[in-house]
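Quick notes on the structure that follows.
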Amino acid sequence: MPQNILIDLEMPEDLEQFKLPKPVDERLQSLLDKQDRGEALTLSERMEAEGLVNLAELLSLLRLRAQKVLLACLAWYL
């Protein structure tokens, strides 16, 4: 049975912090470009790319949820 987990996070004021740092994003893009060119990724590269994609998706989800919370707070104050 699925369980819900509540995580208490301090929300940064700048939601842009919920994204991969530029060097990490560039590395992910490099791996994806290599794959798109038809070049085989090594096992290590494939694992790295999968981990970075998962991290990017998690950060996107956190950013969307943070936006939702901020909008709800703004609506409550208005």
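The values are calculated or read from the model by the stated rules, or taken from the named source; none is laboratory data. Quantities reported herein were computed from a predicted structural model and do not represent experimental measurements. Backbone-built Cβ (ideal geometry, glycine too); neighbour counts: all protein chains shown.
Is one or more of the residues making up region 38-58 at pLDDT below 95 and hydroxyl-bearing (Ser, Thr, Tyr)?
Within region 38-58, none of the residues are at pLDDT below 95 and hydroxyl-bearing (Ser, Thr, Tyr).
Inside region 34-78, can you point out the residues that are of a type in the set (Val, Ile, Thr) and either under 16 Å from Lys19 (Cα atoms) or in a helix (DSSP H, G or I) (or both)?
Result: Val53, Val69.
Right, Met1: surrounded by 13 or more Cβ atoms within 10 Å (Cβ to Cβ), modelled with pLDDT under 90 and not in a helix (DSSP H, G or I) or not? Give the steps one after another, and end with the answer.
Numbers: surrounded by 13 or more Cβ atoms within 10 Å (Cβ to Cβ): no; modelled with pLDDT under 90: yes; not in a helix (DSSP H, G or I): yes.
No: the conditions fail for Met1.
Taking only region 4-30 into account, find how many residues are at pLDDT 95 or above and basic (Lys, Arg).
2
Out of all the residues in region 16-34, is one or more touching a residue at least 40 places away in the same chain (Cβ under 8 Å) and either surrounded by 14 or more Cβ atoms within 10 Å (Cβ to Cβ) or touching a Leu at 6+ places or on another chain (Cβ under 9 Å) (or both)?
The answer is yes; a qualifying residue exists.
Of all residues in region 35-52, how many are hydrophobic (A, V, I, L, M, F, W, C) and surrounded by 14 or more Cβ atoms within 10 Å (Cβ to Cβ)?
Of the residues in region 35-52, 3 are hydrophobic (A, V, I, L, M, F, W, C) and surrounded by 14 or more Cβ atoms within 10 Å (Cβ to Cβ).
In region 53-71, how many residues are touching a residue at least 40 places away in the same chain (Cβ under 8 Å) and surrounded by 14 or more Cβ atoms within 10 Å (Cβ to Cβ)? Write out each step before concluding.
So in region 53-71, the residues touching a residue at least 40 places away in the same chain (Cβ under 8 Å) come out as 59-60, 62-63, 66-67, 69-70.
This time we only want the ones that are surrounded by 14 or more Cβ atoms within 10 Å (Cβ to Cβ), so: 59, 62-63, 66.
Number satisfying all stated conditions: 4.
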